[in-house]
Amino acid sequence: MPETPASSSDATFLADFHRVATIGATDNNGVDRQAATPEDAQTRDWMRTWAQSHGFEVRVDAIGNMFACLEFVPNAPYVLIGSHLDSQPLGGRFDGAYGVIAALFAALRIKEDVAEAGPTPKYNLAVVNWFNEEGGRFAPSIMGSSVYAGLFDLEEMLAVRDLEGTSVAEALSAIGCAGTDTPPEAISYAEIHIEQGRILEREATDIGVVESSWYTQKLDIDVIGEQSHTGATAMADRHDALVSGAKVVLAVHDVTNEFAEEALVSSVGQHVVEPNSPIVVPRRVHMVADLRSSDPEIVRAAREILLRRIDDIARGHDITINVEDFDIREKRFFPEAGVELAEKAVANEGLTIRRLETMAGHDSVAMNARVPAVMMFVPSVDGVSHCEREFTTDEDMVRGVGVLTRVAGELVHGELAGERDGEVWVGRSVRTGEKAQR
């Protein structure tokens, strides 16, 4: 694709980004826009208005994914670029939203370039806002892109309920986003995101390109004790689910010590305590444990250690603890051709780049199961994310828009289109260079 200047100014991109950050803004410069809430609806309205005012066709599919589409070639498939606009509770304003707004501006620049003098693309282009990437309100996370990629069942995901008992289907209807549109058929995918780690900042590198994703295993843990009076029940007669649950939390944390430093990360991020009364010994604690590693065997070994320790806790306190596997995500490798495409784009922008893995899950990981995907990072200050202190500089965001524009421009002109075998694309393994199917 010939080098062209950005026809939509960086200043306009930054103004729009910071405007969107006011939607659902928190007191400490974060945002709270959980999936299918009124705040999420406001960002969706902003995207629809922006896209339609710039000549995009907007579609919403049955799981609530939004697509801002540009048709260059009738009946041709689409290059998808984007991320998500929903956030964690008390989350950061960069995670996800940066990738969507960057994609809108990248697509607009490509549209204007084609209209002015550029060659006709081989494929069409669409910017996507994936539904419920964060999973803060509805579990599992990465929901919309996983339904699109065929990894999750649509009806099962529509039936998922939040802690208040509202289903995904009900929540989407409540904000007017229970879509009926046919989503565009993807030929490839690209996403830019904040790193959510400190490698790029520490090494003073402008852009990261993702080679692979970590293996993820979650455990759904239900601790069943017996409800009783906090004052009237003798200590020896108590079956306190929260005490046992606390020991499970520590076991999840401490299992990382069984492996090399930073080889495994783990946490328990959500608790539901019943009946949650100040004068009642808890009868039930529900939690989700999250185990991740670059090496799937480490996660599997950690799971076995945890199951044994949890069984010891249950027997020691004479209670029941039920553990079920939940949301297992295989380690995935991104196509080498896509990594090289990103490296070329970064070089053409006069920037620096390095390869890395992603420990976090992203929509690109789900999409990489369906079509060839490119995942890129811009630096995160102090490596923090999923909190109000999350921060990326304007300069780094602008650099990322330029790189994404180059990558998307190459994709619409035919780069990285996967060879199709039914619904499975055939790409090249990063490790071996041999062809491999998902």
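Pick out the one residue from Gly150, Gly136 that is on the phi > 0 side of the Ramachandran plot and part of a loop (DSSP other than H, G, I, E, B). Talk me through it step by step, then tell me what you get.
On the way: Gly136 fails: on the phi > 0 side of the Ramachandran plot.
Result of the check over Gly150, Gly136: Gly150.
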Spot the failing condition for Asn129; the list is (1) surrounded by fewer than 24 Cβ atoms within 10 Å (Cβ to Cβ); (2) modelled with pLDDT of 95 or more; (3) under 30 Å from Glu410 (Cα atoms), and only one is missed. (1)
Index of the failed condition, Phe67 passing every other in (1) buried (at least 20 other Cβ atoms within 10 Å of the Cβ); (2) closer than 20 Å to Glu415 by Cβ: (2)
For segment 270-297: of the residues being in contact (Cβ under 8 Å) with a residue 60 or more places away in the chain and either among the hydrophobic types (A, V, I, L, M, F, W, C) or in a helix (DSSP H, G or I) (or both), which is farthest from Val248 (Cα to Cα)? Pro296
So, in segment 218-267, exactly how many residues are touching a Lys or Arg at 6+ places or on another chain (Cβ under 6 Å) and within 14 Å of Leu307 (Cα to Cα)? 1
Ser87 vs (1) within 13 Å of the chain's Cα centre (by Cα); (2) in a helix (DSSP H, G or I): all pass except (2)
As an exercise: evaluate Asp206 against (1) touching a Phe, Trp or Tyr at 6+ places or on another chain (Cβ under 6 Å); (2) more than 20 Å from Phe67 (Cα to Cα) and give the number of the one condition it does not meet. (1)
Segment 266-275 - residue that is surrounded by fewer than 14 Cβ atoms within 10 Å (Cβ to Cβ) and either at pLDDT 95 or above or touching a strand residue (DSSP E or B) at 6+ places or on another chain (Cβ under 6 Å) (or both) and, of those, farthest from Glu164 (Cα to Cα): Pro275
Tell me which strands (runs of 3 or more DSSP E) are completely within segment 318-431 and hold 1 or more residues being modelled with pLDDT under 95 and among the polar types (S, T, N, Q), or say none if there are none. 353-358
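The values are calculated or read from the model by the stated rules, or taken from the named source; none is laboratory data. Just so we're clear, the structure is a prediction, and the values are computed from it rather than from any experiment. Note: ideal-geometry Cβ built from the backbone for every residue, glycine included; neighbour counts use all protein chains shown.
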